[in-house]
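Just so you know, all these numbers are worked out from the coordinates, no wet-lab data involved. Being a predicted model, the structure only gives us computed values, none of them experimental. Cβ: placed from backbone, ideal geometry, glycine included. Neighbour counts: every protein chain shown.
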Amino acid sequence: MYGTNSSISSLLGAYHMAKVSMRYSRFMPRVYNLAKSLGFEPGRIMPSRAFCSDESQGYPIILIAKHFGTFPFNHGLVGGIVATDRHAPHSHHGKDLVIIQASHVGYDPVNERFGVYRRLQTEEACETSNCGKISGA
């Protein structure tokens, strides 16, 4: 259903991220404040995340819960694909609904490389691609 015959690199072409990246710790308060500025009512906002199920996504989920005051509903499939069949269930969980979709690329700060993630739970704490679904692993 979500397959493609093209490789991700051919689809992205010459796309690159300039200096537009933002830490989740800066992004999440902005999302929350944006929701409030649009008239969403604090305490009635039900966030949902459409993230990959990767273990590296714990911190962003904690930040969503911190700012919105509730644990987010789950809209995510592997690779950060939005599970559209979850819209109806999500709509029954809050008055004002916010869906936050993001994939994850991983970052090695020592070597300043995007696209890798150190898997601490593996025997050798090895680095792997992140997200494997997007990179075709």
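Remarks
- Screening A65 with (1) among the aliphatic types (A, V, I, L, M); (2) loosely packed, with under 12 Cβ neighbours inside 10 Å; (3) touching a Pro at 6+ places or on another chain (Cβ under 9 Å) gives one miss only, at (2).
- The lone exception for A102 - which of (1) surrounded by fewer than 17 Cβ atoms within 10 Å (Cβ to Cβ); (2) closer than 14 Å to Y32 by Cβ it fails: (2)
- Pairs are defined by a Cβ separation below 7 Å, a sequence spacing of at least 6 or placement on different chains, a first member in the stretch 113-129 that is among the hydroxyl-bearing types (S, T, Y), and a second member that is not in a strand (DSSP E or B); the pairs so defined are Y117/S56; Y117/G106; Y117/N130; T128/R119; S129/G115; S129/S135; S129/A137.
- Pairs with Cβ under 9 Å, 6+ apart, first in the stretch 98-112 and more than 30 Å from F40 (Cβ to Cβ), second of a type in the set (S, T, N, Q): G106/S56; G106/T128; G106/S129; G106/N130; Y107/S21; Y107/N130
- Of all residues in the stretch 75-94, those that are within 20 Å of I45 (Cβ to Cβ) have Cβ atoms under 7 Å from Cβ atoms of residues that are of a type in the set (D, E, K, R) and surrounded by 13 or more Cβ atoms within 10 Å (Cβ to Cβ), 6 or more apart or on another chain, in H75/R49; H75/R86; G76/R49.
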